[in-house]
Amino acid sequence: MPQVTMTFPEGKHKVLTLSYDDGKEADRRLVSIMNRYGIKGSFHLNSGLLGKEDRISRDEVARLYKGHEISAHTVTHPTIARSPKEQLIEEVIEDRKNLESISGTTVRGMSYPNGSYNREIKTMLPVLGIQYARTVHSTGNFHIPDDFLEWNPTCHHNENVLQLAEEFKNLYKQQYLYMMYVWGHSYEFDNDNNWEIIEQFCESIGNRDDIWYATNIEIIDYIEAFQRLQFAAGSEFVYNPSVQAVWLHVDGLTIKVPGGKKVDLST
């Protein structure tokens, strides 16, 4: 039986994703820096607050975040673990509807406003069309979570991010998959006068051949595509029922399994 393991696209073993909340005007500068270095991220927006005070306007959203993910953060940013179920449902569903109208894309992820969530909320979110939700609890590691409705990031950008980036770049063992997940609020760079941190981080870790740069939802979609693969009992072949291609390591070789195709793994 061939030894088969999942890899990220093109046989890569490392993925980097960023996640920023609230849709403040400082996102313009952050997105510009990320784009310069080929880094992708998810931007979690409160649709009911767009255009107010120092937030991105509704008309700018689709253009600014092109190439990144537009994700939910509830309509008005309440502390949802203290809210009635009826309010939670409205806050999430209406945020999805508003953001989908603006972006023309399906919104399937979110970050918890004020970092607030509980077990009941996690149970409800899939019914509301949410496939992942990010917390504010940093792990300091590069593990792939087993519960994407309680997706703990690696670090906030003020938590030793440059050292962690060096550790991430130096990871080489291909028997593992690694993910670096950085989160924050772009306005914090203005408040802390430390834009050089994200500049240095992106310059250091961007545009590398050994890292897959993905949004939060792209990671979810890829892992789910792997989980839908239909392997023969002896792993001699595999059929991919998804549209999305999936890459595998088979006895040390990288093999692409295109969407809708059956691939022989025995050679």
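The values are calculated or read from the model by the stated rules, or taken from the named source; none is laboratory data. Nothing here was measured: the structure is a model prediction, and the numbers come from that model. Neighbour counts are summed over all protein chains in view; Cβ atoms, including those assigned to glycine, are modelled from backbone coordinates with ideal geometry.
Please give the number of the condition Leu125 fails out of (1) closer than 21 Å to Glu150 by Cα; (2) not in a helix (DSSP H, G or I); (3) not hydroxyl-bearing (Ser, Thr, Tyr). Unmet for Leu125, out of (1) closer than 21 Å to Glu150 by Cα; (2) not in a helix (DSSP H, G or I); (3) not hydroxyl-bearing (Ser, Thr, Tyr): (2).
Picking from residues in the range 196-237 that are hydrophobic (A, V, I, L, M, F, W, C), in contact (Cβ under 8 Å) with a residue 60 or more places away in the chain and not in a helix (DSSP H, G or I), the one that is farthest from Met34 (Cα to Cα) is Phe231.
Here Glu69 clears all of (1) among the acidic types (Asp, Glu); (2) surrounded by fewer than 16 Cβ atoms within 10 Å (Cβ to Cβ); (3) in contact with a helix residue (DSSP H, G or I) (Cβ under 6 Å, 6 or more places away or on another chain) except the condition numbered (2).
Suppose we keep only residues that are assigned to a helix (DSSP H, G or I) and of a type in the set (A, V, I, L, M) within the range 35-66. Which one would you say is surrounded by the fewest Cβ atoms within 10 Å (Cβ to Cβ)? So, considering only residues that are assigned to a helix (DSSP H, G or I) and of a type in the set (A, V, I, L, M), the one surrounded by the fewest Cβ atoms within 10 Å (Cβ to Cβ) is Ala62.
Of the residues examined, Lys40 is one that is under 17 Å from Ile220 (Cβ atoms) and in contact (Cβ under 8 Å) with a residue 12 or more places away in the chain.
The set of residues in the range 13-31 that are crowded, with 19+ Cβ neighbours inside 10 Å and not in a loop (DSSP other than H, G, I, E, B) comprises Lys14, Val15, Leu16, Thr17, Leu18, Ser19, Tyr20, Asp21, Lys24, Asp27, Leu30, Val31.
Across the range 253-267, the qualifying residues are those that are assigned to a loop (DSSP other than H, G, I, E, B) and touching a residue at least 60 places away in the same chain (Cβ under 8 Å), and the one among them that is surrounded by the most Cβ atoms within 10 Å (Cβ to Cβ) is Leu265. I need the full set of residues from the range 214-246 which are crowded, with 18+ Cβ neighbours inside 10 Å, over 18 Å from Thr106 (Cβ atoms) and in contact with a helix residue (DSSP H, G or I) (Cβ under 9 Å, 6 or more places away or on another chain), in order please. Those that are crowded, with 18+ Cβ neighbours inside 10 Å, over 18 Å from Thr106 (Cβ atoms) and in contact with a helix residue (DSSP H, G or I) (Cβ under 9 Å, 6 or more places away or on another chain): Asn240, Val246. Summed over the range 142-171, residues that are under 21 Å from Cys202 (Cβ atoms) and either of a type outside the set (A, V, I, L, M) or at pLDDT below 95 (or both) total 15.
Given the structure, is Phe189 at pLDDT 95 or above, surrounded by 13 or more Cβ atoms within 10 Å (Cβ to Cβ) and either touching a strand residue (DSSP E or B) at 6+ places or on another chain (Cβ under 8 Å) or not in a helix (DSSP H, G or I) (or both)? Considered against the rule, which asks whether it is at pLDDT 95 or above, surrounded by 13 or more Cβ atoms within 10 Å (Cβ to Cβ) and either touching a strand residue (DSSP E or B) at 6+ places or on another chain (Cβ under 8 Å) or not in a helix (DSSP H, G or I) (or both), Phe189 comes out as no.
Which residue pairs have Cβ atoms under 8 Å apart, sit 6 or more places apart or on different chains, and have a first residue in the range 2-31 that is touching a residue at least 40 places away in the same chain (Cβ under 8 Å) and on the phi > 0 side of the Ramachandran plot and a second that is in a helix (DSSP H, G or I) and among the hydroxyl-bearing types (Ser, Thr, Tyr)? The qualifying pairs are Asp22/Tyr187. Selection of the range 165-180 for residues being assigned to a loop (DSSP other than H, G, I, E, B) and of a type in the set (A, V, I, L, M) yields Leu171, Leu177.
Of the residues making up the range 101-119, those that are farther than 22 Å from Arg63 by Cβ and without any contact (Cβ under 8 Å) to a residue 24 or more places away in the chain are Gly115, Arg119. Scan the range 240-252 for residues that are outside any loop (DSSP other than H, G, I, E, B) and closer than 18 Å to Ile223 by Cβ and jot them down. Of everything in the range 240-252, those that are outside any loop (DSSP other than H, G, I, E, B) and closer than 18 Å to Ile223 by Cβ turn out to be Val246, Trp247, Leu248, His249.
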